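Data first, discussion second: the structure below is written as C-alpha cells.
The values are calculated or read from the model by the stated rules, or taken from the named source; none is laboratory data. Quick caveat: nothing in here was measured; it's all calculated off a predicted structure. To get the accessible areas, we keep the full protein, side chains included, count just its heavy atoms, and leave off ligands, DNA and RNA. Shrake-Rupley method; radii C 1.70, N 1.55, O 1.52, S 1.80 Å.
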Amino acid sequence: MSIVFILCTSLSLAGLLTTTNSDPLLLGMSKDKKVQVLEVIKKELLPKGRKGRHATAAYQVEDGTIFYRVRYPPDKLLVVRGENVTVKKKSSPNCRMTAFTTVERTGMHSTLRQRIIRRRTTSKMRMAVSELQICKASFTPTDGITVTHLRNALENEEFLPGGLCTRNEDGTLYVYRMSDDPDVDAIYVDTSSDDLYGASLVGVERRKCYPINVVVFEIRDDSLNKPSARRLIDSVILLEVPPSFSPSFIRDSFVYLGNVEKLLTLNTDTMEFLPSVQIGDSATIINIVGVHKDEITVTVKEGEDSYLISVRLLDGYF
C-alpha cells in the first residue's frame, strides 16, 4: 500500500539501499600506528538524487531504529527491516519536510520529529503562508510508519539544526529539544556572557541520573587546529572547534566530532577528550547519525559515494 503521510508501503530493498559485501574491518591500528581503527559492523551505500547529488539523510532513534529521508522527488521517509523498506511519502506538492531532529523513544514507538511548511492559495491571489507544525513519525513492524501532529509552532519560537528550539520571552532565552514539552522542559540560558559571543547552540544534554540538564554551545574558529571544551557554569558547556570538523553530536555525557576519518569524543563528566579513534582508511566523516548501546552510526564520503557506517565503540566511549 502506498500512502501520502497516512499510509505505508512495503517495497523491495533493491535500488534503495545497498549493503556492501566487504569483510568487516577488525579492530586494529591505522596506517600511522597511533590511532586505533574501530570494527565496522555495517556499511550501506546511500542512493544519490538528481545529477548525482547526495540526497539521502539518516536519523537514529534511541532504540536503534534508523529513519532514512530521501530528498529527491517525491520526498520520502524510509525504515529498512530485513529485505523490506517501509516508505512514507510527503502529503502533497505544497508540503515539504524540513528541520529533522535528533530523536527519542516514546512508549514502544521509535520517534522522529519534523517541521512541515504548508503553502496556501487564495481565490484572488497566491500567497505563501508559513504554517509551522511539529509532527512525530513512529515506526512499528506491524503498523509501519505513522505520522501524528503534536503541536503548532509557538510565538517567537525558532528552530535550529539538530532539532533544537529556542524561545525569547521578555528578553529571557529558553532552550529545549523539539521532542520536549516547551512549557515543562525548557531550560533558561543567560546569554549575556562575553564567552558566548558568536556561539551557536548545538545540543541539550539530558541525563536521567544527573540533577542538572546541560546546554552545549559551539564556536567555529579558523585559527584552531584542534577542538577544546570548557564548562562556563554547571549547566553550560562551550566548545571551540575548527570549521573542518563535522557537526557536534551530543548523547548522554558524551560529545562526538568527526575529523576526516577520525572520531573525537569528549567526556563531559571529566571535560577531557578521549584518544582519537579511526573509522575506515579513506572515509571522511560527514555527519554523526546516532549512538545506540556500544555502536555509533555515521555518514561518510568515499570518493564520489556516500555510505552509512556503523562501528563498535571502545569501552569508555559511550
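The table below lists the values:
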item: Too-long pairs where the Cα-Cα distance tops 24 Å, listed order kept, from 226/262; 42/293; 136/301; result: 136/301
item: Within the accessible area of region 143-244 (1.4 Å probe), percent carbon and sulfur; result: 45 percent
item: Average accessible surface area per residue within region 230-296, 1.4 Å rolling probe, Å²; result: 38 Å²
item: Residue 279 - accessible surface, heavy atoms, 1.4 Å probe, Å² rounded to 10; result: 0 Å²
item: Cα-based shape type of region 161-318, given that a ≥ b ≥ c are square roots of the gyration tensor eigenvalues and the cut on a/c is 1.5; result: prolate
